[in-house]
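The values are calculated or read from the model by the stated rules, or taken from the named source; none is laboratory data. Please read these numbers as outputs of a predicted model, since none were measured by experiment. Counting neighbours? That spans all protein chains shown, and the Cβs are built from the backbone with ideal geometry, glycine included.
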Amino acid sequence: MLVLAGCSTSLTSLQPARITPAGHVSVTTSAQVTPPVGLPGEVRDELEELRGSGNPSAARLREIAAVAGAALLAPPAGDGQLAMSAGLSKRLELGARVRSTSAGAGLRFQWLRRSPGIYGAIGLNVDGSFRAFPVERFASRVDLRSFRRLDVSIPLVVGYSRQHVHVWAGPKLVWSRANARFDYCSRRVDGECVTEVPVTARGHALFTAGQLGVAVGSNRFWVAFELTIARARVQADLDLQMSGTAMEHEIDRRGRVLTPALGLILWI
């Protein structure tokens, strides 16, 4: 999955409930995987079925376009991330992160700070994706032309932080908006594509998630693990141009998404 570098929605944060101390910088490097279980698994299985698609009918083409559109919003994927956060004050933290498929920034507010070691934080993150899930690797007839996605997430975590350990948990709401254009080869002759159907997909996904994380180490360096389990709803509108006739199709998919992440946290 990491080799595929698929573009999945930013569900992981890998951030303890205690924000970065004022005047310090936090550096986090991590790897996260969205395995093919739940909704991503259904999408992967349906993509595999497309390998044997012949010259499809109009009804079959709508089904194929729906699977390809869902794969762009809720794919199985793997990715790496590098994040930096700066403590602006006792209550405020500003951060930025880059992945192999996206980049973004965020802000966190320390709304709870109680001794000994009880913390609570709420954040707002915005990520823009510049690389899509490689649908064409699973469906050779699909040729992705353009892709854009914006993720907005609001994590709320409560946890315990001391010198050698951080533990945190809480809900997270993620809204994702995507636009894509791809062509599907609807007719081949002697292995050559003679008819292409342009497809435009516009949709959004809502992830209602829960996060649980733990980090163990020294007073400045920790090894961290976080598990995110989300309930997703993916909706999209598809416009197809087939034989000069415009066709429309809607996607409405629901399912579970599981994303574990493993990384390192350093406070400087």
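Kindly indicate which of 149, 202, 145, 181 is charged (D, E, K, R), in contact (Cβ under 8 Å) with a residue 60 or more places away in the chain and in a strand (DSSP E or B). So that I can check it myself, show each step before the final result.
Numbers: 202 fails: in contact (Cβ under 8 Å) with a residue 60 or more places away in the chain; 145 fails: in contact (Cβ under 8 Å) with a residue 60 or more places away in the chain; 181 fails: in contact (Cβ under 8 Å) with a residue 60 or more places away in the chain.
Among 149, 202, 145, 181, only 149 is charged (D, E, K, R), in contact (Cβ under 8 Å) with a residue 60 or more places away in the chain and in a strand (DSSP E or B).
Name the residue, out of 78, 95, 117, that is buried (at least 20 other Cβ atoms within 10 Å of the Cβ), touching a strand residue (DSSP E or B) at 6+ places or on another chain (Cβ under 8 Å) and of a type outside the set (A, V, I, L, M, F, W, C). Please lay out each step first, then the result.
Numbers: 78 fails: buried (at least 20 other Cβ atoms within 10 Å of the Cβ); 117 fails: buried (at least 20 other Cβ atoms within 10 Å of the Cβ).
Of 78, 95, 117, the one residue that is buried (at least 20 other Cβ atoms within 10 Å of the Cβ), touching a strand residue (DSSP E or B) at 6+ places or on another chain (Cβ under 8 Å) and of a type outside the set (A, V, I, L, M, F, W, C) is 95.
Considering only the range 233-255, how many residues are in contact with a Lys or Arg (Cβ under 6 Å, 6 or more places away or on another chain) and surrounded by fewer than 15 Cβ atoms within 10 Å (Cβ to Cβ)?
Counting residues in the range 233-255 that are in contact with a Lys or Arg (Cβ under 6 Å, 6 or more places away or on another chain) and surrounded by fewer than 15 Cβ atoms within 10 Å (Cβ to Cβ) gives 2.
Restricting to the range 55-99, give me the number of residues that are within 29 Å of residue 185 (Cα to Cα), among the small types (Gly, Ala, Ser) and in contact (Cβ under 8 Å) with a residue 12 or more places away in the chain. Before the answer, list the steps.
We begin by selecting, within the range 55-99, every residue within 29 Å of residue 185 (Cα to Cα); these are 55-78.
Still in the list and also among the small types (Gly, Ala, Ser): 57-59, 65-66, 68-71, 74, 77-78.
With the extra rule that they be in contact (Cβ under 8 Å) with a residue 12 or more places away in the chain, the set shrinks to 58, 65-66, 68-71, 74, 77-78.
The total comes to 10.
What's the number of the only condition in (1) within 27 Å of the chain's Cα centre (by Cα); (2) surrounded by 15 or more Cβ atoms within 10 Å (Cβ to Cβ); (3) polar (S, T, N, Q) that residue 186 fails to meet?
Only one criterion in (1) within 27 Å of the chain's Cα centre (by Cα); (2) surrounded by 15 or more Cβ atoms within 10 Å (Cβ to Cβ); (3) polar (S, T, N, Q) is unmet by residue 186, namely (1).
Does the range 17-29 include one or more residues that are of a type in the set (Ser, Thr, Tyr), closer than 26 Å to residue 94 by Cα, at pLDDT 75 or above and surrounded by fewer than 18 Cβ atoms within 10 Å (Cβ to Cβ)?
Taking the range 17-29 as the starting set, the residues that turn out to be of a type in the set (Ser, Thr, Tyr) are 20, 26, 28-29.
If we keep only those that are closer than 26 Å to residue 94 by Cα too, we end up with 20, 26, 28-29.
Retained after the next criterion (residues that are at pLDDT 75 or above): 20, 26, 28-29.
Filter once more, keeping what is surrounded by fewer than 18 Cβ atoms within 10 Å (Cβ to Cβ): 29.
The answer is yes, given that some residue of the range 17-29 is of a type in the set (Ser, Thr, Tyr), closer than 26 Å to residue 94 by Cα, at pLDDT 75 or above and surrounded by fewer than 18 Cβ atoms within 10 Å (Cβ to Cβ).
Which residues, taken from the range 32-42, are in contact (Cβ under 8 Å) with a residue 60 or more places away in the chain and closer than 15 Å to residue 231 by Cα?
Taking the range 32-42 and keeping what is in contact (Cβ under 8 Å) with a residue 60 or more places away in the chain, we get 32-35, 37-40, 42.
Correct list: 34, 35, 37, 38, 39, 40, 42.
Among residues belonging to the range 96-125 that are out of contact with any Asp or Glu (no Cβ under 9 Å at 6 or more places or on another chain) and under 30 Å from residue 235 (Cα atoms), point out the one that is modelled with the lowest pLDDT.
Taking the range 96-125 and keeping what is out of contact with any Asp or Glu (no Cβ under 9 Å at 6 or more places or on another chain), we get 96, 98, 111-120, 122, 124.
So of that shortlist, the ones also under 30 Å from residue 235 (Cα atoms) come out as 96, 98, 122, 124.
On the way: 96: 96, 98: 91, 122: 98, 124: 97.
This residue is 98.
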